[in-house]
Amino acid sequence: MTKDILILAIETSCDETAAAVVKNGREVLSNIIYSQIELHKIYGGVVPEIASRKHIEKINHVIEAALSEAGVTLDDINAIGVTYGPGLVGALLVGVAEAKAISFARNIPLVGVHHIEGHICANYIENKELAPPFLCLVVSGGHTHLVMAKDYGEYEIIGRTRDDAAGEAFDKVARALGLGYPGGPKIDKLSREGDRTAVVFPRAQIEGAPYDFSFSGLKSAVLNHLNSCEMKNEPVNKADIAASFQEAVIDVLVSKAIAAAIEYKIDKLALAGGVAANSSLRNSMAAACRSNKLKFFYPSPVLCTDNAAMIGTAAYYEYIKGRRAGLDLNAVPNLRIGER
């Protein structure tokens, strides 16, 4: 009988302090998340120094809670998985230092995890049948990537943003509309009240790079539209603008993902990252996948935003491949997918 493998996972890449215990890669025994959103709302975005300090305050508590909820102790843990990049360097260092301290003190193997690879692996938790190869659209505040999951722990980027990530554009447009932070959920909610065809915003295409993204021009177009309305003393329908902006983003994301899946002859397409919780994106992608006979996978909203369960899943597949990190593991804020 094969012995179960338990991973204690730690995630502190941005403004969530999280710990989880994951069994055999796909069964989540606990997933504890302390969110700092309320702390950063008044600043309109994440303040790195505040995030780092709060991680230090909360890290031990979330780990203790994760072990307790899972009904295990450190004696039961086979390996510790920790996010070491990309992310805010100060925030990452808190999690990495904690993981290394536990690894050293209890002689537990250490596994470094790429944050974005963790988001991709979130799809394995609830979709037990999902296995590589598949195409994944990663959409978050800091990243917009089309990634080929060739095997467990083996990835190839086939498209990426050239400037703003989709989530970053959501936050900036939400700020311009006076909706506050975080922008993604607020625009998603307001868009349901608006006409998505009210304003035709641009869809960027990059010559020679059909699967790359660019949202800076779209963001500027929204700001220019708002400025023009103000100068002409014309009324602004925020719901229409939110819906039209969101439609432009989703149109680009869905069309490029579907085209890539068809070209690469991949019949499985997944979503990952914080923006993957957007209801309109999920519905549009599901409809496009049905039309093109593609199998569509996505995590529950709680597994789209930053969490440690996804890190535990990614760490499990690294662990069974024999990949280990040393006590010299360091935070790498600009870590690229596939780098070790």
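No value in this document is a laboratory result; all are computed from the given coordinates. Keep in mind it's a predicted model, so treat the numbers as computed, not measured. So basically every Cβ, Gly included, is an ideal-geometry build from the backbone, and we count neighbours across all protein chains shown.
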Check: Under a point spin-label approximation (7 Å from Cα along Cα-to-Cβ), what is the Ser279-Asp151 distance to one decimal in nm?
Finding: 4.2 nm
Checklist line | Within region 196-237: Cβ-based charge dipole about Cα centre, in debye rounded to nearest 20 (Lys, Arg +1; Asp, Glu -1) | finding: 120 debye
Next item on the list: Mind putting a number on the dipole of the chain about its Cα centre? Charges go on the C-beta only, +1 for Lys and Arg and -1 for Asp and Glu, and I need it in Debye to the nearest 20.
Entry: 440 debye
Notebook entry, point to check: Which ³J(HN,Hα) values, rounded to whole Hz and listed in residue order, are derived for region 133-141 from phi using the Karplus coefficients 6.51, -1.76 and 1.60 in 6.51 cos²θ - 1.76 cosθ + 1.60 with θ = phi - 60°, glycine and proline given as x?
Noted result: x, 7, 9, 10, 9, 9, 10, 9, x
Checklist line | Part-to-part distance (alpha-carbon centres) for region 269-338 and region 90-107, which is given in Å | finding: 23 Å
Note to self: Relative contact order for the chain: what percent, with Cα pairs under 8 Å and sequence separation of 6 or more?
What the structure shows: 25 percent
Next item on the list: Name the residue farthest towards the positive end of the dipole of region 132-299 from the options Val249, Ala204, Phe297, assuming +1 on Cβ of Lys and Arg, -1 on Cβ of Asp and Glu, about the Cα centre.
Entry: Phe297
Notebook entry, point to check: Across the chain, where is the longest run that never hits chymotrypsin sites (Phe, Trp or Tyr not before Pro) in a DSSP loop with at most 16 other C-beta atoms within 10 Å?
Noted result: 44-263
Check: (1) 28, 60, 11, 1; (2) 32, 55, 12, 0; (3) 32, 60, 7, 0: which one is P(r) over Cα pairs in 20 Å bins from 0, in percent as calculated from this entry?
Finding: (2)
Notebook entry, point to check: Quick one, what does Rg over Rh come out to for region 30-181 if you take C-alpha atoms and the Kirkwood Rh?
Noted result: 0.99
Next item on the list: Take each complete run of DSSP H in the chain, measure how far its Cα atoms stretch along the helix's own axis, and keep only those covering 24 Å or more with mean Kyte-Doolittle hydropathy at least 0.0; list them.
Entry: 89-106, 238-263
Check: What are the residues whose amide H is under 5 Å from the amide H of Thr161, where those residues sit 5 or more places off or on another chain and H is modelled from the backbone?
Finding: Thr144, Phe213
Checklist line | Efficiency of FRET from Cβ geometry, Asp4 and Arg175, R₀ 41 Å, rounded to 0.05 | finding: 0.35
Checklist line | Ranked list, fewest to most other Cβ atoms within 10 Å of each Cβ, for Leu67, Leu269 | finding: Leu67, Leu269
